[in-house]
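Engineer: I am attaching a structure below and will ask some questions about it afterwards.
The values are calculated or read from the model by the stated rules, or taken from the named source; none is laboratory data. Owing to the predicted nature of the structure, the values given are computational and were not obtained by experimental measurement. Because the Cβ atoms are built from the backbone with ideal geometry, glycine has one as well, and the counts that use them run over all protein chains shown.
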Amino acid sequence: MIDNILYTLLTFLLLLIVVSFYFLLKIKFKNKIIEPPLDLPPLPIETETNDEILNEPISTKTFCINHHDVEYESTCQVCYAHLCHQCIHPVGSIHFCSTHLNLFRQEKWDLFLVLKTSPNNPELGVIAFDLKKSLWENQQIPIYIETGYEINVDQDRVDTILKFHTLENHLEYIKNVFREKDFVPTP
Ligand SMILES: [Zn+2]
Ligand SMILES: [Zn+2]
């Protein structure tokens with residue numbers, strides 16, 4: 001009789017252990033699925049709405065050479081580097097990068113060409129700008145342009161005065177390059 005009760009109790013206990021173990025495993029497994037891994041990166045914070053993203057082609061964004069997440073505001077007059085507000089070093093209306101601000105301050109620069117362009121003949125300025133850019137890209141010769149304006153009352157228009165400067169040691173060579181393209185350098 002006692003043996004029989006003990007046997008039933010033991011069986012019941014064993015069943016309880018098995019069932020408890022099953023539920024413990026189930027809870028553990030469930031928690032594992034719900035809990036995110038600890039090294040999961042944080043969700044990106046949305047700063048732009050979908051409309052803004054769609055209306056703004058990503059390819060047109062150009063960033064500062066020093067700050068790769070800040071859009072550029074201007075370029076260096078000498079090397080054409082894209083610069084953000086923080087990296088622009090203005091001298092009057094001329095913008096320099098830090099390298100060329102130092103070059104501007106430390107070296108001797110000479111005026112070699114004065115161009116007057118009007119809204120009627122902007123081509124001359126475009127040719128000179130292209131020549132300046134190719135001299136930098138191909139030979140690393142620095143040139144900067146000072147821009148001024150002249151009001152022509154008689155003909156009711158505003159002319160643009162472009163003053164081209166380069167370093168003293170490049171002066172004669174640069175004058176010849178511009179002469180070859182039919183410009184008349186300063187004497
Ligand atoms: Zn520069
Ligand atoms: Zn910058």
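Engineer: When the range 65-80 is examined, which residues are found to be within 10 Å of ligand 2 (Cβ to nearest atom) and closer than 13 Å to Ser98 by Cα?
Structural biologist: Within the range 65-80, Ile65, Asn66 meet the criteria.
Engineer: Let me ask something else about it. Looking at the range 161-187 only, could you name the residues that are assigned to a strand (DSSP E or B) and farther than 11 Å from Asp110 by Cα?
Structural biologist: Pass one, the range 161-187, residues assigned to a strand (DSSP E or B): 161-167.
Within the range 161-187, Ile161, Leu162 qualify.
Engineer: Against the condition under 30 Å from the mean Cα position of the chain (by Cα) and outside the structural domain of Cys79 (by TED's automatic domain parsing), how does Pro185 come out, does it pass?
Structural biologist: Against the criterion (under 30 Å from the mean Cα position of the chain (by Cα) and outside the structural domain of Cys79 (by TED's automatic domain parsing)), Pro185 does not qualify.
Engineer: On the basis of being in the same structural domain as Pro119 (by TED's automatic domain parsing) and under 31 Å from the mean Cα position of the chain (by Cα), does Leu162 make the cut?
Structural biologist: yes
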